[in-house]
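A.B. asks: This is the structure I want to talk about, given as structure tokens.
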Amino acid sequence: MFNKITRMTFPAWLKWVCGSIGLLLIVSIIFGVYLYQTIEDSRTADFDRVREQVLKETSLNTVNKIQRYHGEKAYYTVYGKAKKGKMIVFYPFDTDQAEALTVQQSDMVSKETIRNQWNSECSSCTMIGIDPGVTAEDEDGPEPVWEATYKDAKNRYVMALFSIFDGTKIKLQRYNQLIEGE
């Protein structure tokens with residue numbers, strides 16, 4: 001009875017196609033992981049140097065988190081603690097062009113306050129995010145801000161800058177969508 005079991009055979013071309021697709025899929029996954037790691041490593045490459053510089057040049061004792069901010073000038077946003085409490089340090093990419101800005105978190109308007117203010121002004125909008133940033137230098141120098149990004153009712157991408165100290169709106173930029181569909 002067991003000798004009568006027939007084996008199912010596939011044509012040779014189908015085996016080659018399936019094998020090629022499987023190999024291509026494996027190579028694509030490996031390349032994707034490698035590419036992601038390479039990009040992430042280049043994005044965070046200077047974080048250790050910035051951590052050391054900020055600890056040396058400011059009153060921070062510990063660094064909890066580092067992000068990058070690309071406004072009119074690029075800054076690292078460094079979150080940490082000092083004897084006075086929690087602080088945010090905006091450390092410039094180019095230290096020859098600008099100095100680090102330090103802000104006590106207790107002096108800042110909270111992110112939730114900015115979100116509530118934004119929501120009351122634009123209830124039909126879709127929030128993308130609120131992050132601390134820095135405006136370009138004016139007569140008083142660079143100023144720390146909250147940068148709110150969202151899509152408005154007309155599906156425009158909007159960036160609104162609010163004072164980090166009192167929540168007043170500083171600047172609003174709207175960008176029209178060039179390609180329909182999203």
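Only the coordinates and a few stated rules stand behind these numbers; no lab work does. All values derive from a computational prediction rather than experimental measurement. Every residue, glycine among them, receives a Cβ derived from its backbone with ideal geometry; neighbour counts consider all protein chains shown.
A.B. asks: Would you please classify the overall shape of the stretch 31-149 from the alpha carbon gyration tensor, given that a ≥ b ≥ c denote the square roots of the eigenvalues, rounded means a/c under 1.5, and beyond that prolate means a/b larger than b/c while oblate covers the rest?
C.D. replies: Verdict is oblate for the stretch 31-149.
A.B. asks: Next up: Can you report the principal axis dimensions of the stretch 111-175 using only the alpha carbons, biggest first, rounded to whole angstrom?
C.D. replies: 35, 24, 15
A.B. asks: Continuing with the same structure: What FRET efficiency, computed as 1/(1 + (r/R0)^6) with R0 = 35 Å and r the Cβ-Cβ distance, is obtained for Ser124 and Ile170, rounded to the nearest 0.05?
C.D. replies: The formula returns an efficiency of 0.95 here.
A.B. asks: With only Lys, Arg, Asp and Glu charged, each at its Cβ (+1 for the first two, -1 for the last two), find how big the charge dipole of the chain is about the Cα centre; round to the nearest 20 debye.
C.D. replies: So the dipole magnitude of the chain works out to roughly 1360 debye.
A.B. asks: Which whole DSSP H helices in the chain pass both tests: a Cα extent of 24 Å or more along the axis and a mean Kyte-Doolittle value no lower than -1.0?
C.D. replies: Flagged H segments are 12-43.
A.B. asks: Also: Towards the positive end of the charge dipole of the chain, with charges on Cβ (+1 Lys, Arg; -1 Asp, Glu), say which of Gln37, Phe90, Gly141 has the farthest Cα.
C.D. replies: Of the candidates, Gln37 comes out farthest on the positive side.
A.B. asks: Also, I was wondering about something else. In the stretch 54-74, whose amide N lies under 15 Å from the spot 7 Å out along Cα-to-Cβ of Gln104? List them in ranges.
C.D. replies: Under cut-off, by backbone N: 59-60.
A.B. asks: May I pose another question? Could you pull out every residue, at least 5 positions away or on a different chain, whose amide H is within less than 5 Å of the one on Ala82? Hs are placed 1.01 Å off N in the peptide plane, and Pro or chain starts have none.
C.D. replies: Here the answer is Asn61, Met87, since their amide H atoms fall under 5 Å of that of Ala82.
A.B. asks: Is there a quick way to get the dipole size of the stretch 47-106? I mean about its Cα centre, with the Cβ of Lys and Arg at +1 and of Asp and Glu at -1; what is the value in debye to the nearest 20?
C.D. replies: In total the dipole reaches around 420 debye.
A.B. asks: Show me the trypsin sites (Lys or Arg not before Pro) within the stretch 1-102 that DSSP assigns to loop and that have at most 16 other Cβ atoms within 10 Å of their Cβ.
C.D. replies: Sparse-neighbourhood loop trypsin sites (Lys or Arg not before Pro): Arg7, Lys83, Lys84.
A.B. asks: How about the stretch 111-162: which trypsin sites (Lys or Arg not before Pro) there lie in a loop by DSSP and see at most 11 other Cβ atoms within 10 Å?
C.D. replies: Here the sparse-neighbourhood loop sites are Lys154.
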